[in-house]
Amino acid sequence: AKAQGGGGYVLFDRGMHEEALRRLDLELDLRRALEKEQFEAYYQPIVRVKDGRLTGFEALVRWNHPERGLISPAEFIPLAEENGLIVHIGRWMLRAACQQMRQWQLAFPRRPALTVSVNLSARQLLHPEVLAEIRRTLRETGLSPRHLKLEITESAMMENAERAIELLEALKRTRLKLMLDDFGTGYSSLSYLHRLPIDALKVDRSFVMHMHERAEDCSFVETIVDLAHKLGREVVCEGVELPEQAALLRSLGVEYAQGFLYSRPVTAAQAEMLIIEDAQR
Ligand code: C2E
Ligand code: CA
Ligand code: CA
Ligand code: CA
């Protein structure tokens, strides 16, 4: 039922009823998707701004639904976050991404520096076993922690900041890299920024999108970059679609960029082709 002003409730209208059924359906399918191996890791290149060279990939989950086709994570991650399935999906993604990167490192020994970034949701971050699980996954896949980056959003961090800081410090001790994701979209992180043991900030796409046409957005990014650098952190800008945006990032001294300008998220096989192409440059 939909909440109404004054504490009253209205009954489902027909549209809402259908929407609720659709969600329920999706939830049931989501529960089966893991067993049926319907998830797939896609990979989006992260490049060094100054020369456009490949530095690694962000692993992004895709759901290959038997009837609905490829479903975007924007549609099912929030649902999985609500019902706790995200913990299982996240576990699967971490393992898939670590295995894949280890395999690439064996196949391309001349490119030992490539890294893989994996998204960690709020639920996963607060899971009591998360640290042990990450350590076990690294051990079992043989990937060195230096080649794994974990992306955590500001809002996930702020759900329980004290606990998050403790966990992040423990993660740092395993020598993997930590990224603060969707930076700029949260509220309170500025006051925490110097306390968070993170290696880099990922500036949200919403700020990068209009940089080339809105001076305020450009100043905003510039301020973040200066702040990050003063604190000894690196900067990644996501959602780079235009050469003009890339040129601005270069002039601001941003280290890394990600976006459709370089490549959309692609399958593992396509990502491998990108590694080969980059090695031939
Ligand atoms: P995110 O972590 O901010 O990931 C970046 C999103 O921006 C991806 O959407 C990517 O495809 C998209 N993107 C990258 N470059 C561009 C660009 O130049 N233009 C535009 N318009 N979009 C761009 P995607 O893959 O649909 O993922 C959406 C969100 O779902 C992610 O946002 C992340 O929050 C979540 N997500 C995806 N995979 C996972 C996962 O394995 N675990 C968790 N916990 N969350 C995930
Ligand atoms: Ca991310
Ligand atoms: Ca992001
Ligand atoms: Ca984002």
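So which residues in the range 247-269 are touching a residue at least 40 places away in the same chain (Cβ under 8 Å) and assigned to a helix (DSSP H, G or I)? Steps first, please.
Taking the range 247-269 as the starting set, the residues that turn out to be touching a residue at least 40 places away in the same chain (Cβ under 8 Å) are 249-250, 254-259, 262-268.
The answer is 249, 250, 268.
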Among the residues of the range 80-115, the number that are in contact (Cβ under 8 Å) with a residue 60 or more places away in the chain and closer than 17 Å to residue 153 by Cα is 0
What's the number of the only condition in (1) under 25 Å from residue 272 (Cα atoms); (2) surrounded by fewer than 18 Cβ atoms within 10 Å (Cβ to Cβ) that residue 61 fails to meet? (2)
Does residue 126 satisfy the criteria of being over 23 Å from residue 175 (Cβ atoms) and in contact with a Lys or Arg (Cβ under 8 Å, 6 or more places away or on another chain)? no
In the range 44-100, anything within 15 Å of the chain's Cα centre (by Cα), farther than 20 Å from residue 238 by Cβ and small (Gly, Ala, Ser) is listed as 96
In the range 118-157, which residue that is over 14 Å from residue 99 (Cα atoms) and among the hydroxyl-bearing types (Ser, Thr, Tyr) is surrounded by the most Cβ atoms within 10 Å (Cβ to Cβ)? 153
Selection count, the range 106-145, where residues are modelled with pLDDT under 95, of a type in the set (Lys, Arg) and part of a helix (DSSP H, G or I): 1
Restricting attention to the range 131-154, which residues are within 16 Å of ligand 4 (Cβ to nearest atom) and basic (Lys, Arg)? 149
Which residue is surrounded by the fewest Cβ atoms within 10 Å (Cβ to Cβ), if the candidates are limited to the range 249-269 and must be more than 14 Å from ligand 1 (Cβ to nearest atom) and not hydrophobic (A, V, I, L, M, F, W, C)? 251
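The values are calculated or read from the model by the stated rules, or taken from the named source; none is laboratory data. Only a predicted model underlies this, so the values are computations on that prediction, with no experimental measurement involved. Virtual Cβ from ideal backbone geometry, glycine too; neighbours counted across all protein chains shown.
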